[in-house]
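J.: Take this structure, written in structure tokens, and hold onto it; I'll ask about it next.
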Amino acid sequence: KTLLGDHHEKVTEIMRRIGGIYCTMGNFEEGMKWYEEVLFARKKAVGGNHIEISLILDSLGNLEDDRENYDRAMFYFEESLRVKKLNLGNNHEDVAATLCSIAFVHGHKGNEQESLQYLVDALGIQKMKLGADHELVGDTL
């Protein structure tokens, strides 16, 4: 941090790894603190709409989903979706992946109709971009 600064990508990558280790050890609270600090630092460095931010948001969403904090997970995934659509357009495979994540959270919350709609949207993108025979299409089905 002293040499490169708090927001440098090499520093934040180490911070992200520290957060991941805490989560692997079962200390999700501490891990989340590190991931949120990485999010803050990278937003300062590259801006809140940079595609890199969506990857951090996805990680936070997955952690919150695993912890059954579905509203927080949804917040992170919806923000990731916004950033991905802004950078990649509405019909990119990465957009489809985040739509699937949102669908799973809706499923965990018991919102089957919402879940179904997000999966249908994701499937449409995957078929268009990857072809109907691609393994990711099968995974979505």
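The values are calculated or read from the model by the stated rules, or taken from the named source; none is laboratory data. This one's a predicted model, so the numbers in the text were calculated from it and none came from an experiment. We place every Cβ from the backbone using ideal geometry, glycine too, and count neighbours over all the protein chains shown. With ligands, DNA and RNA removed, areas are computed over all heavy atoms of the protein, side chains included. Shrake-Rupley method; radii C 1.70, N 1.55, O 1.52, S 1.80 Å.
J.: Would you mind checking the pairs 43/109; 84/109; 85/127 and listing those with alpha carbons more than 26 angstrom apart? Before the final figure, lay out each step's value.
T.: Values: 43/109 30 Å; 84/109 24 Å; 85/127 18 Å.
Result: 43/109 exceed 26 Å.
J.: Follow-up question, since we're still on this one. Quick check for you: with a 1.4 Å probe and neighbouring chains kept, what is the accessible area per residue of region 54-129, in Å²? Mind dumping the intermediate values first?
T.: Values: 3810 Å² over 76 residues.
For region 54-129, the per-residue accessible area is 50 Å².
J.: Next question. Keeping all protein chains in the complex and leaving out DNA, RNA and ligands, what accessible area do you get for residue 100 with a 1.4 Å probe, in Å² to the nearest 10?
T.: 10
J.: If I compute percent of Cα pairs over 27 Å apart from the structure I just sent, which labelled value in (1) 23; (2) 39; (3) 26 lines up?
T.: Given (1) 23; (2) 39; (3) 26, the calculated one carries the label (3).
J.: Something else about it: What distance in nm lies between label points placed 7 Å from Cα along the C-beta direction at residue 43 and residue 90?
T.: That separation, rounded to one decimal, is 2.7 nm.
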